[in-house]
Amino acid sequence: MPLEVLDASPLTTIQDLGRFGYQRFGVPASGAMDAFALRAANELVGNKQSEAGIEIGLSDASFVASDPCLIAVTGAGFELRVNDRPMNLWTTIYARKGWEIKILKTSEVLGAWAYLGIGGGVTVKEVLGSRSTYLRGRFGGFEGRALEAGDVIPIRESSLNIERAGRTLPQDKRPHYEEKMIEIILGPQDDHFAHETIQIFLSSEYEITPTSDRMGYRLHGSPLTHRGSPDIISDGLARGAIQIPANGQPILMMSDHATTGGYPKIAAVVSADIPIVAQRLFVGAGLAPAQRGQPQNRQPQGLPLRFRQTPIESAQERYRVMMMNLKRIVEPEENFYFS
Amino acid sequence: MPSATRYQPLGDSALNIPFGDQIDPEINQRVHAFADLIQHEPLNGIGECVPTYCSLLVHYDPLQLSYQEIIEWLKAKSEITNYQLPVPSSRLIEIPTRYDGEDLEFVTQHNHLSIEEVIRIHSETEYRVYMMGFTPGFAYMGKLDSKIVTPRLDSPRQLVKAGSVGIAGEQAGIYPIDSPGGWRLIGRTEVKLFDLDRDPPFLFAPNDRVKFVPV
């Protein structure tokens with residue numbers, strides 16, 4: 001049951017939860033920027049959470065299915081139209097053969113990534129055990145590149161459980177994408193910064209600059225000065241780690257981050273908040289179609305980030321609760337209408 | 001067994017374990033030995049280990065393992081004194097190298113040596129892969145003989161071709177793919193460091209031994 005791409009933003013790629021086991025060879029983990037949203041899209045269409053889906057980044061994409069199927073679109077900042085009718089996000093939708101699935105970037109304030117889950121899952125060839133796309137390495141996903149109009153994406157045949165249609169993950173079970181405070185764990189190189197500098201880090205507002213991408217979000221705010229050298233002997237990196245290079249502006253590691261690096265890390269964002277940080281709009285990015293053609297000085301103003309320290313135990317507990325929410329999908333209300 | 005003195009959280013799903021604070025073969029050996037010990041009989045929830053110059057990053061799944069649990073387990077592992085690294089503990093990989101790099105002249109002048117001497121010194125040393133990173137298949141090798149240590153470029157080249165053999169400070173390396181780069185280029189190899197059509201795709205692994213062979 002292939003899915004055809006009608007149109008895709010330059011940051012539309014196939015992703016699963018990531019490529020694990022090869023970081024010691026320099027291969028980034030890649031995977032969905034908002035892994036919770038991908039897992040939810042999979043749950044809604046009856047897939048295992050680890051199935052590959054389509055990540056749509058920063059602007060619109062549209063697809064058409066060659067057979068009837070179940071789909072779900074999750075994420076933040078987007079709207080969904082199926083066969084030209086507006087449909088809810090975070091909801092299982094029954095799409096008939098030939099119906100156009102349009103995923104539109106509409107919010108100027110919040111959101112960067114949408115996830116299209118399809119019943120059966122995307123079945124492009126695995127590379128090093130994963131279907132995630134590593135753009136810089138040009139491998140994985142669909143021929144190692146972003147999707148383009150005309151691409152035909154293989155989908156696994158699966159039974160169509162039409163009674164699933166209309167199920168939804170309630171709002172209160174989704175991440176609080178509008179939350180401004182992001183929780184972090186200090187270290188490992190927090191001792192490279194004076195106490196006062198750490199206080200600046202924990203009390204400043206940071207915005208995500210346009211030079212951000214799937215490797216990392218470059219933040220801008222009050223610069224953070226180092227106690228001594230701005231370099232360290234290269235050590236390991238993880239998603240969520242916040243490096244501070246010589247210019248004092250933080251770089252937040254995201255899905256395609258390099259596996260090792262030589263800048264001190266002041267802190268790392270906790271697992272439960274990675275989806276929230278991922279969905280922060282880049283300043284200047286993701287203009288909705290209605291805004292294109294307007295004067296260039298009209299920049300979308302995304303919500304800034306602020307960082308708050310938290311004990312590891314609470315962070316891990318929050319993450320467990322968040323992951324359990326994925327099982328709290330509810331049946332459709334009686335008046336839910338689909339055709 | 002190497003005493004890992006501290007366990008530093010990197011967020012809530014990774015731990016950094018430092019073994020020292022300089023680029024040194026003995027410190028690096030302890031990193032590899034501990035990585036090996038952890039992966040020998042890993043606890044459920046332990047993910048991959050990434051060895052670097054003087055520390056080890058251990059990824060774990062906080063849904064299966066709490067911070068306390070992983071610390072306790074690692075402490076117990078670090079007390080094991082009779083663990084033998086599997087033999088052979090590392091492979092020797094030879095890299096046929098044509099010494100005709102753009103910066104070879106600079107390296108000779110910087111170190112007051114002839115081209116023949118630079119080639120001899122570079123190729124006589126047996127290097128260790130301290131760690132891999134930067135790009136898939138890129139191996140950080142060391143240590144360069146002090147007689148040919150040369151600082152990297154002031155600003156990187158826009159394009160360094162795949163297969164370029166370079167040096168930077170005390171490190172030796174080979175660029176696996178075309179990329180920008182700041183290392184001093186002294187030669188080239190046809191060998192592919194990263195090839196998805198090959199099994200295994202990576203030529204090097206952490207802790208391998210390497211020699212460059214002039215051709």
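Tabulated values for the structure
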quantity: Inter-probe distance in nm under a simple model that places probes 7 Å from Cα toward Cβ, at B:L159 and B:F106; calculated: 1.9 nm
quantity: Exposure proxy ranking, count of Cβ atoms within 10 Å, fewest first, for B:E124, A:E183; calculated: B:E124, A:E183
quantity: Residues listed by number, the stretch B:48-65, amide nitrogen under 19 Å from B:V149 label point at 7 Å toward C-beta; calculated: B:53-54
quantity: Exposure proxy ranking, count of Cβ atoms within 10 Å, fewest first, for A:R164, B:R152, B:R98, A:R280; calculated: B:R98, B:R152, A:R164, A:R280
quantity: ³J(HN,Hα) computed for each position of the stretch A:166-174 - Karplus, 6.51 cos²θ - 1.76 cosθ + 1.60, integer Hz, glycine/proline x; calculated: x, 5, 8, 9, x, 3, 6, 9, 8
quantity: Long pairs among A:K125/B:K161; A:K265/B:K211; B:K147/B:K211; A:K102/A:K180, criterion Cα-Cα beyond 24 Å; calculated: A:K125/B:K161; A:K265/B:K211; A:K102/A:K180
quantity: Selected from B:L10, B:V165, B:V191, residue furthest toward positive end of dipole (chain B; charges at beta carbon); calculated: B:V165
quantity: Residue order, fewest to most beta carbons within 10 Å, for B:V191, B:V58, A:V152; calculated: A:V152, B:V191, B:V58
quantity: FRET efficiency, 1/(1 + (r/R0)^6) with R0 25 Å, evaluated for A:Q309 and B:Q68 via beta carbons; calculated: 0.85
quantity: Residue-averaged 222 nm ellipticity for the protein assembly as shown, from DSSP H runs of 4+ at -39500 (n - 2.57), nearest 500; calculated: -4500 deg cm²/dmol
quantity: Dipole magnitude of chain B, debye to nearest 20 (Cβ charges: Lys/Arg +1, Asp/Glu -1, about Cα centre); calculated: 220 debye
quantity: Dipole magnitude (debye, nearest 20) for the stretch B:92-214, charges at Cβ of Lys, Arg, Asp, Glu; calculated: 180 debye
quantity: Along principal axes, Cα extents of the stretch B:92-214, largest first, whole Å; calculated: 42, 31, 22
quantity: On Cα atoms only, tilt of A:312-324 relative to the major axis of chain A in degrees; calculated: 10 degrees
quantity: Backbone HN-Hα couplings from phi across the stretch A:131-145 [Karplus 6.51/-1.76/1.60, Hz, Gly and Pro as x]; calculated: 9, 5, 8, 10, 4, 5, x, 6, 9, x, x, 8, 6, x, 9
quantity: Dipole-positive endmost among B:V107, B:S55, A:A29 within the protein assembly as shown (Cβ charges, Cα centre); calculated: A:A29
quantity: nm² value of the averaged projected area, convex hull over the Cα atoms of the stretch A:181-323; calculated: 9.5 nm²
quantity: Angle between chain B longest axis and helix B:25-40 axis [Cα atoms, degrees, rounded to 10]; calculated: 40 degrees
quantity: Amide proton proximity set for B:T135, modelled H, under 5 Å, gap of 5+; calculated: none
quantity: The stretch A:46-52 - phi-based ³J(HN,Hα) in whole Hz, Karplus 6.51/-1.76/1.60, Gly and Pro as x; calculated: x, 8, 5, 4, 8, 5, 7
quantity: Chain A, relative contact order in percent, only Cα pairs under 8 angstrom and at least six apart counted; calculated: 21 percent
quantity: Quarter of Cα convex hull surface for the protein assembly as shown, i.e. mean projection, nm²; calculated: 26.7 nm²
quantity: Between the stretch A:185-259 and the stretch A:115-184, the alpha-carbon center distance in angstrom; calculated: 29 Å
quantity: Principal axes of the stretch B:30-79: Cα extent on each, largest first, Å; calculated: 29, 20, 17
quantity: Longest segment of chain A lacking chymotrypsin sites (Phe, Trp or Tyr not before Pro) that sit in a DSSP loop with at most 16 other Cβ atoms within 10 Å; calculated: A:1-335
quantity: Shielding of A:308-318 by partner chains, average beta-carbon count, 10 Å; calculated: 3
quantity: Calculated diffusion of chain B, Stokes-Einstein form, Kirkwood radius summed over Cα pairs, 37 °C and 0.692 mPa s, µm²/s; calculated: 176 µm²/s
quantity: In nm, spacing of pseudo-spin labels at A:S50 and B:D61 (7 Å Cα→C-beta vector); calculated: 0.7 nm
quantity: The stretch A:39-153, relative contact order [Cα under 8 Å, separation at least 6], %; calculated: 29 percent
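Just so you know, all these numbers are worked out from the coordinates, no wet-lab data involved. As the structure is a computational prediction, the values presented were derived from the model and not from experiment. Cβ sites come from the backbone with ideal geometry, for glycine too, and all protein chains shown count toward neighbours.
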